[in-house]
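What follows is calculated from the coordinates using simple rules that are stated; it is not laboratory data. Because the structure is predicted, anything quoted here is derived from the model rather than measured. A quick note on method: Cβ atoms are made from the backbone with ideal geometry, for glycine too, and the neighbour counts reach across all protein chains shown.
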Amino acid sequence: MIPLWALTTWAFVQSFERRHVGYAALADAGAPAMLTKYWSAFLVLSLVIAALCDRRRGGYFRSAAPWVTVLAGAVLIAPHVVWLFQEDFPPLRWVATRRTSADLFDWLRSLSEYSFGTLGYSAVAVLTCIVLVQPPPAAWRDVLFLCDAARRMALLIFWLPLLVPVAVAAITRTNLLSLWNTESLALLPVVLLSSPLITVTRTVAARISGFAIVVSVAALIASPIVAATKLNAGVENDASYVLAAVVAIDREWKTATDRPLEILAGPFGLANSIAFTLKDRPSTFADFSPYVSPWVDAQALLRKGLAVICPSRDTACMRNVDALRKKRPEARRVEVELTPRWLGFAGTHDRFVIAIMPPRKGP
């Protein structure tokens with residue numbers, strides 16, 4: 001999404017100012033950005049609002065440029081829209097089950113994370129500008145209250161994708177996540193340096209580049225320490241247990257059968273990571289959901305070679321294991337203790353349940 005947002009924004013501004021159909025066609029990169037994540041609809045909406053707020057809008061909408069963008073984008077996204085109607089909008093139903101706030105407090109908590117998290121992502125750039133560029137106070141006023149049309153459009157395109165989602169989320173009671181704003185920050189340097197009162201000399205530019213290099217090298221040097229900390233503290237989706245789980249599943253499967261493992265079921269992140277690493281390259285039945293894994297049907301679950309892994313503490317996953325074992329009473333259930341390891345260091349161990357269901361030979 002990050003390069004697609006930047007490309008869409010740049011091409012749109014070029015098409016708006018030059019009325020060039022080539023840039024207009026390139027501005028439909030917003031369509032594949034939406035196919036990456038529907039969040040990109042906020043960029044498209046923000047570009048429309050920015051164009052309508054510009055004094056030059058008359059000439060733009062009388063030209064072919066906006067209609068070329070609309071037509072090209074519609075052609076690219078039309079197959080997906082058809083699929084949405086045919087399948088009863090599964091991504092939207094998925095969001096409704098995963099991102100809907102439980103109550104007002106839950107939504108305000110997500111808004112707080114969204115706001116302060118976005119500030120955190122932009123803090124290094126802002127502080128770098130303050131310390132190294134040292135804009136005068138008048139420049140900050142000029143940045144916040146831009147007067148000329150070109151800079152005002154940049155400011156709108158920067159702020160609207162950050163603020164419009166808040167209004168939409170308040171109406172739909174959807175929880176927000178600051179990580180989704182990383183692509184919105186592509187215009188942050190443009191906004192910070194937009195005032196003519198700000199001068200960036202060659203020396204300052206070299207210092208900024210040097211600072212970026214130092215931060216990158218420092219992150220590389222610190223990475224083993226971070227890895228060791230994560231080894232003990234753990235990471236989301238039980239990702240630190242993947243390699244140990246691969247060994248355990250492979251061992252238990254070979255003990256039960258010499259046939260290849262065809263399906264691996266379990267929590268979304270864990271199942272996909274393990275399946276990618278297993279030698280048999282099984283299909284996934286992630287989250288035990290036909291929506292997430294449409295290639296697995298009821299007959300496949302009854303007949304094919306199936307392994308299931310669940311953290312013992314995951315009650316929902318354990319209920320799904322029990323449901324599958326009732327349909328396949330030949331299943332063998334084992335409980336294992338897995339310990340993540342890295343460069344000879346051992347992390348915190350945890351208990352997992354593995355169910356092995358060899359493929360059925362008969363009807």
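Run the paramagnetic zone check for R328: 7 angstrom along Cα to Cβ, then residues of segment 240-265 with backbone nitrogen under 20 Å.
Under cut-off, by backbone N: 245-265.
Quick one: divide the alpha-carbon radius of gyration of segment 159-243 by 2.2 N^0.38 Å and tell me what you get.
1.64
Could you give the length gained by full extension between L132 and A218, i.e. 0.36 nm per residue of separation minus their alpha carbon distance, to one decimal place?
Details: separation 86, 0.36 × 86 = 30.96 nm, distance 1.92 nm.
Here the answer is 29.0 nm.
Neighbour counts of other C-beta atoms within 10 Å: give me C310, C317, C53 arranged from fewest to most.
By the 10 Å Cβ count, ascending: C53, C317, C310.
Among D280, D287, what is the fewest-to-most ranking by other Cβ atoms within 10 Å? Walk me through the intermediate numbers first.
Values: D280 15, D287 20.
Taking fewest neighbouring Cβ atoms as first place, the list is D280, D287.
Restricted to Cα positions, what overall size does segment 282-363 have along the principal axes? Three whole-Å values, descending.
For segment 282-363, the Cα extents along the three principal axes come out at 47, 26, 24 Å.
What residues qualify as long-range amide H neighbours of E262, i.e. H under 5 Å apart, gap of 5 or more or another chain, H built at 1.01 Å from N?
So E262 has HN proximity to G305, L306.
Would you mind checking which residues have amide H under 5 Å from S312's amide H? H placed 1.01 Å from N; only 5 or more apart, or other chain.
Amide H neighbours of S312, under 5 Å, 5+ apart: R351, F352, V353.
Using just the C-alpha positions of the chain as equal point scatterers, what log10 of I(q)/I(0) does the Debye formula give at each q in 0.11, 0.12, 0.15 1/Å?
-0.99, -1.09, -1.30
Is the C-alpha gyration tensor of segment 1-98 telling us rounded, prolate or oblate? Criteria: a/c under 1.5 is rounded; beyond that, a/b larger than b/c is prolate, otherwise oblate.
Note, shape of segment 1-98 comes out prolate.
If I build a Gaussian network model for the chain, linking alpha-carbon pairs within less than 10 angstrom, which residue out of A25, A346, A72 has the largest mean-square fluctuation?
Maximum among the listed residues: A346.
Tell me the Kirkwood radius of segment 102-198: reciprocal of the mean inverse pair distance over distinct alpha-carbon atoms, in Å.
Details: mean 1/r = 0.0683 Å⁻¹.
14.6 Å is the Kirkwood radius here.
Given points 7 Å out from each Cα along the Cα-Cβ axis, report the F105 to K254 separation in nanometres with one decimal.
5.2 nm
Between A170 and A298, how high is the FRET efficiency from 1/(1 + (r/R0)^6) when r is the Cβ-Cβ distance and R₀ = 45 Å? Nearest 0.05.
Details: r = 40 Å, r/R0 = 0.90.
For A170 and A298, the calculated efficiency is 0.65.
Would you work out if segment 67-117 is rounded, prolate or oblate? Take a ≥ b ≥ c from the square roots of the eigenvalues of the alpha-carbon gyration tensor; rounded if a/c is under 1.5, else prolate when a/b is larger than b/c, oblate otherwise.
Taking the square roots of the gyration eigenvalues as a ≥ b ≥ c, segment 67-117 is oblate.
Cα-based count: Lys pairs in the chain below 16 Å, eight or more positions apart or different chains? Don't skip to the end; give the middle numbers.
Numbers: K254/K279; K254/K304; K304/K326; K304/K327; K304/K361; K327/K361.
So the count of such lysine pairs works out to 6.
Roughly how tilted is helix 149-172, in degrees to the nearest 10 and between 0 and 90, from the longest Cα axis of the chain?
For helix 149-172, the angle is close to 40 degrees.
Quick one: helix 242-256 against the long Cα principal axis of the chain, what's the angle to the nearest 10°, folded into 0 to 90?
30 degrees
As I understand it, the value is the acute angle between the Cα axis of helix 41-53 and the longest principal axis of the Cα atoms of the chain; what does it come to in degrees, rounded to 10?
10 degrees
Sort H80, H20 so the one with the fewest other Cβ atoms within 10 Å of its own Cβ comes first.
Arranged by neighbour count, lowest to highest, H80, H20 become H80, H20.
What share of the DSSP beta bridges in the chain is antiparallel, in percent to the nearest 5?
Working: 16 of 23 bridges.
In the chain, DSSP labels about 70 percent of beta bridges as antiparallel.
Could you please state, rounded to a whole Å, how far the C-alpha centre of segment 271-292 is from the C-alpha centre of segment 1-57?
When both Cα centres are located, 36 Å separates them.
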